[in-house]
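Have a look at the structure below, then the notes.
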Amino acid sequence: MIRCIAVDDELLALEIIENYVAKCPFLELVGAFSSPLEALPMLNNSECDLLLLDINMPQVNGLDFLPAIVSPPLVVLTTAYPQFALEGFEAGVVDYLVKPFSFERFLKAVQKAQSQLARPAASVPEHIFVRSSHRMIRVDLDQLLLLEGKKDYVALHTAGQVIDTQMTLTAFQERLPLNDFLRVHRSFIVALNKITTIERNIICIGDIRVPIGDLFRDELFRRIS
């Protein structure tokens with residue numbers, strides 16, 4: 001059984017999703033929320049396998065909300081705005097449903113998620129390879145201090161160098177061991193065991209200072225306490 005959470009600020013949209021989920025015997029709706037912030041505690045407790053997420057909502061944009069989830073489930077975006085499709089797929093979503101969508105189109109999307117969840121889990125890596133310019137560079141994870149998202153690239157700060165690569169932070173979040181690395185800001189992922197001090201809203205890793213985002217604060221202090 002795939003546990004689902006639906007997030008949409010429109011009541012009618014939530015009702016349609018609830019009806020579609022009820023028609024799928026392999027789905028269970030464990031939560032329906034009109035605000036992403038209300039759903040965050042359940043998501044951070046890994047209480048769902050699939051998130052059905054709207055994009056354009058009053059409190060938080062759905063795509064901006066995704067990095068705040070510590071261990072993100074699979075995501076299907078449900079939105080009236082087709083122009084965000086490329087950004088959604090770059091964020092690693094399973095599928096992108098443009099409202100109004102039929103049950104048949106919904107079924108196709110959740111079956112993609114079902115197929116991905118059926119794959120065996122990958123082992124925890126000790127290193128990753130990243131492309132920088134025309135080279136593939138090996139990065140040992142025990143040497144990785146933090147990742148900094150820039151406008152068009154990500155800078156990997158290691159103990160000895162800074163490596164620039166055109167992958168997204170969200171793509172890195174899916175490749176890094178969840179027990180060792182945590183997103184603490186929309187633009188930063190840090191190695192938890194490399195944190196030197198925390199001063200109010202700032203993490204210090206050696207001489208590097210990293211801001212703590214409001215959406216990420218509670219999970220950070222839960223993980224280090």
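The values are calculated or read from the model by the stated rules, or taken from the named source; none is laboratory data. Here the structure is a predicted model, which means the values were calculated and not measured. Heads up, the Cβs are rebuilt from the backbone with ideal geometry, glycines too, and the neighbour counts pull from every protein chain shown.
Points worth noting:
- Qualifying residues in segment 68-80 (those that are modelled with pLDDT of 90 or more and assigned to a loop (DSSP other than H, G, I, E, B)) - the one nearest to Ile2 (Cα to Cα): Pro73
- Residues (of a type in the set (A, V, I, L, M, F, W, C) and closer than 18 Å to Val98 by Cβ) located in segment 16-30: Ile16, Ile17
- Matching residues, segment 1-38, being aromatic (Phe, Trp, Tyr), in contact with a strand residue (DSSP E or B) (Cβ under 7 Å, 6 or more places away or on another chain) and surrounded by 15 or more Cβ atoms within 10 Å (Cβ to Cβ): Phe33
- Scanning segment 86-107 for residues that are at pLDDT 85 or above and not aromatic (Phe, Trp, Tyr) gives Val93, Val94, Asp95, Leu97, Val98, Lys99, Pro100, Ser102, Glu104, Arg105, Leu107.
- Restricting the first member to segment 33-60 and to residues that are within 14 Å of Ala13 (Cα to Cα), and the second to residues that are aromatic (Phe, Trp, Tyr) and buried (at least 16 other Cβ atoms within 10 Å of the Cβ), the beta-carbon pairs closer than 6 Å and six or more apart or on different chains are Ile55/Phe84.
- Leu53 being buried (at least 20 other Cβ atoms within 10 Å of the Cβ) and within 22 Å of Val184 (Cβ to Cβ): yes
- Options Gln143, Gln161, Gln166, Gln83: the member that is surrounded by fewer than 20 Cβ atoms within 10 Å (Cβ to Cβ) and either within 23 Å of Leu53 (Cβ to Cβ) or of a type in the set (Gly, Ala, Ser) (or both): Gln83
- Segment 81-167 holds strands (runs of 3 or more DSSP E) entirely within its bounds, and those carrying 2 or more residues that are under 25 Å from Glu15 (Cβ atoms) map to 95-98.
- All positions within segment 78-113 that are over 17 Å from Asn19 (Cα atoms) and touching a strand residue (DSSP E or B) at 6+ places or on another chain (Cβ under 6 Å): Pro82, Ala85, Gly88, Val93, Val94, Asp95, Tyr96, Lys112, Ala113
- Pair list, Cβ < 6 Å and 6+ apart or interchain, from segment 203-217 residues that are over 17 Å from Ala159 (Cα atoms) to residues that are of a type in the set (D, E, K, R) and in a loop (DSSP other than H, G, I, E, B): Gly213/Arg186
- Of Leu40, Leu52, Leu107, all but one fail to be in contact with a helix residue (DSSP H, G or I) (Cβ under 7 Å, 6 or more places away or on another chain) and closer than 22 Å to Cys24 by Cβ; the exception is Leu52.
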